[in-house]
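To keep things clear, I will list the structure first and then write my remarks on it.
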Amino acid sequence: MKANEIVDVLISFNESSYKRVLINGSWGIGKTKYVSDFIKNHTNACYISLFGKRDVNSILQELYFLMIEKAPKGKIKKHFSILRNKLNTLDISYFGVSLSLPVIQNLFKTINKELDRKDKLIIVLDDLERKHDELNIKEILGMVDSLSKTDNIKTVLIAAIDQLEGEDKKNLMNYQEKAIDRTYTIENFASQAPVEIMGNEIWEALCEIAKSNSFDFKNLRTFEKTKLFIEEIIQVLGENIFSEKFTKSDLYKMCFATVLFVTEHNNNMILLQDDKRINDYYKNGGESGEIQYLIDKVLRNSLDNMMCKSVFFHIKKWFENGTFPREEIISSINLINSYKHKAGIFFSSEEELYSFISYSKTFIAELTGAEKLKDIISLLSNAFEMCNVLSIDYGMKDEDIISLIQKSIINEINIEKNLYENRINLYSIIIKSEKERSLLNAINYTIEREYYDNLLKKIEECLMQGLYNENKYLDIFKESIISDIDESISQRVLQTFRENEFFFSIPKGRITEDHWNWCILIKYVMKDIGKYWNAGFYEEFAAYIESIDCSNDKMLQYRISNYLP
């Protein structure tokens, strides 16, 4: 049943022969909200949260005071102190031993008499799973059972049974049949709940995404957190950031995807399918891979403007860390809003197109290496598009272009990041021609070759200087052993390992823990290389290890004997 049906259940319960019911539903599904709606409209109902309650007596005390608050002015208020003192005489015990509740029973009878009515008292006990560990569920069930023996009292237990563990779960299962007349299970939140939480405008942007069967989430707090996060961002950045190019709809989607990924999915890419090459891109691509996963798999490429990806990075960090570079975010949004697509080609003359193509060649011929690679690619992309319109060849081979832009490529390589974060993500670019695709592949080839060369030089440097605590570069390399690498590059890397004796630092004499960790990490790197690049490479490495002369160092012999599996 849906959460909003709780109200109907409680209304029926008021008139039914049931005395004790349990309403079960996962956290955030809306149980408390609809119970509260019922309580507001029924003066004969009392709501008590069991959150943190240590004993049954504290529950009865709260119930007593709630009933006093509901009581009409008159006799009850006059005798308030007398009734309060009587509460201390209550005898609370478990099944088989009487549970005397005369104060509660007599108090409710007096209230009904003064109001001239014959209502039954409905006691709602919420948050069963959040009670204090010192309070045994058997005691709560015993109280419920004893209350049910009073003609004018009914009890409702609200719980998220899936959150109960150990003895609590065992006791509920064992004694539920005796203590509970009827159990209702809430499987879904109310259909109208998301729009009530978020408002029509936000829900309209998100409804198709949120209704996807892929998510199967039941926690309304995801919508509540999304709404609050959206409000926080707009409060900080202002309403004037939005335009036809950077829309509110895109902001709503990016916020929702972020909150869903972090809170519901626990930062796990649960929507991936069985395509290792694509999965590796998402998983090993660092922040870029995560953002692309959110765009592709969570939002299903529904953003109005894919340029928003630059803002998406900041939004995700904002939600995770609570910090944000406001000016940098606004600058990114302003760039999106001011961007004019070079499709002005349509309105240009042939002479202008020829002039731009000529300019692009001059531009890349005069590069200093300080230019941004993305700007160079954008310029060439437009030039290639113009060549297609004019049905002419650009007149330069990929290798000629690469030789001219190579400095810019090398200057942007960052060995502090893995290979995925250095390569151009071809999945996020609208490629307009085969010439452009061919060039981008050639650029990625250059990036891969230079990246491995630079990273291996750094690893060699650390090894030569004995900086074994700098094994993060080995970790980065391990992350960058990916299957879709050109064989010429992988063979180049393997040859570098061979020439450097596999970057293995022989652990002879007295060694440090960092030194040994370096050796262990090298072994795992060799295993991954054998798995993804060269099936016999690990055996080649193992043969080298076994060939090490240990005759003059017993500790070296001991370490080597424990090194290989």
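The values are calculated or read from the model by the stated rules, or taken from the named source; none is laboratory data. The structure displayed is predicted, hence computed values, not measured ones. In this analysis, Cβ positions are derived from the backbone assuming ideal geometry, glycine residues included, and neighbour counts consider all displayed protein chains.
Once the stretch 346-401 is narrowed to residues that are among the β-branched types (Val, Ile, Thr) and surrounded by fewer than 16 Cβ atoms within 10 Å (Cβ to Cβ), the residue that is modelled with the lowest pLDDT is 368. Under the condition of being farther than 15 Å from residue 417 by Cα, in a loop (DSSP other than H, G, I, E, B) and not small (Gly, Ala, Ser), the residues counted in the stretch 456-478 number 2. Within the stretch 141-158, being in contact with a helix residue (DSSP H, G or I) (Cβ under 7 Å, 6 or more places away or on another chain) and at pLDDT below 80 holds for 150, 152.
Would you kindly identify the helices (runs of 4 or more DSSP H) lying entirely within the stretch 200-281 that contain at least 3 residues that are in contact (Cβ under 8 Å) with a residue 24 or more places away in the chain, of a type in the set (Lys, Arg) and in contact with a helix residue (DSSP H, G or I) (Cβ under 6 Å, 6 or more places away or on another chain)?
none
The set of residues in the stretch 499-549 that are closer than 20 Å to residue 459 by Cα, within 34 Å of the chain's Cα centre (by Cα) and surrounded by 15 or more Cβ atoms within 10 Å (Cβ to Cβ) comprises 518, 521, 522, 523, 525, 526, 527, 528, 529, 530, 533. Taken as a whole, the condition of being out of contact with any helix residue (DSSP H, G or I) (no Cβ under 8 Å at 6 or more places or on another chain) and either buried (at least 18 other Cβ atoms within 10 Å of the Cβ) or modelled with pLDDT under 85 (or both) applies to residue 331. Taking first residues from the stretch 512-526 that are of a type in the set (Phe, Trp, Tyr) and partners that are not in a helix (DSSP H, G or I), the Cβ contacts under 9 Å between residues at least 6 apart in sequence or on separate chains come to 516/507; 518/471; 518/504; 518/505; 518/507.
Answer yes if at least one residue in the stretch 419-433 is surrounded by fewer than 16 Cβ atoms within 10 Å (Cβ to Cβ) and at pLDDT 90 or above, and no otherwise. So far as the stretch 419-433 goes, no, none of its residues is surrounded by fewer than 16 Cβ atoms within 10 Å (Cβ to Cβ) and at pLDDT 90 or above. The residue that is nearest to residue 16 (Cα to Cα), among those in the stretch 120-169 that are among the acidic types (Asp, Glu) and under 29 Å from the mean Cα position of the chain (by Cα), is 126. Residues that are farther than 13 Å from residue 360 by Cβ and touching a residue at least 40 places away in the same chain (Cβ under 8 Å) were ranked within the stretch 388-405; the one that is farthest from the chain's Cα centre (by Cα) is 390. When we screen 38, 13 for residues that are buried (at least 21 other Cβ atoms within 10 Å of the Cβ) and under 39 Å from the mean Cα position of the chain (by Cα), the only hit is 38. Residues of the stretch 152-183 that are in contact (Cβ under 8 Å) with a residue 24 or more places away in the chain and either assigned to a loop (DSSP other than H, G, I, E, B) or among the polar types (S, T, N, Q) (or both): 152, 155, 160, 163, 164, 171, 176, 180, 181, 183.
The residue that is farthest from the chain's Cα centre (by Cα), counting only those in the stretch 314-325 that are surrounded by 12 or more Cβ atoms within 10 Å (Cβ to Cβ) and part of a helix (DSSP H, G or I), is 314. Applying the criterion of being part of a helix (DSSP H, G or I) and of a type in the set (Ser, Thr, Tyr) to the residues of the stretch 536-551, the residue that is farthest from residue 505 (Cα to Cα) is 538. Scanning the stretch 388-432 for residues that are hydroxyl-bearing (Ser, Thr, Tyr), part of a loop (DSSP other than H, G, I, E, B) and in contact with a Phe, Trp or Tyr (Cβ under 7 Å, 6 or more places away or on another chain) yields one hit, 394. Taken over the stretch 298-313, the criterion of being buried (at least 16 other Cβ atoms within 10 Å of the Cβ) and either out of contact with any helix residue (DSSP H, G or I) (no Cβ under 8 Å at 6 or more places or on another chain) or part of a loop (DSSP other than H, G, I, E, B) (or both) is satisfied by 299, 303, 305.
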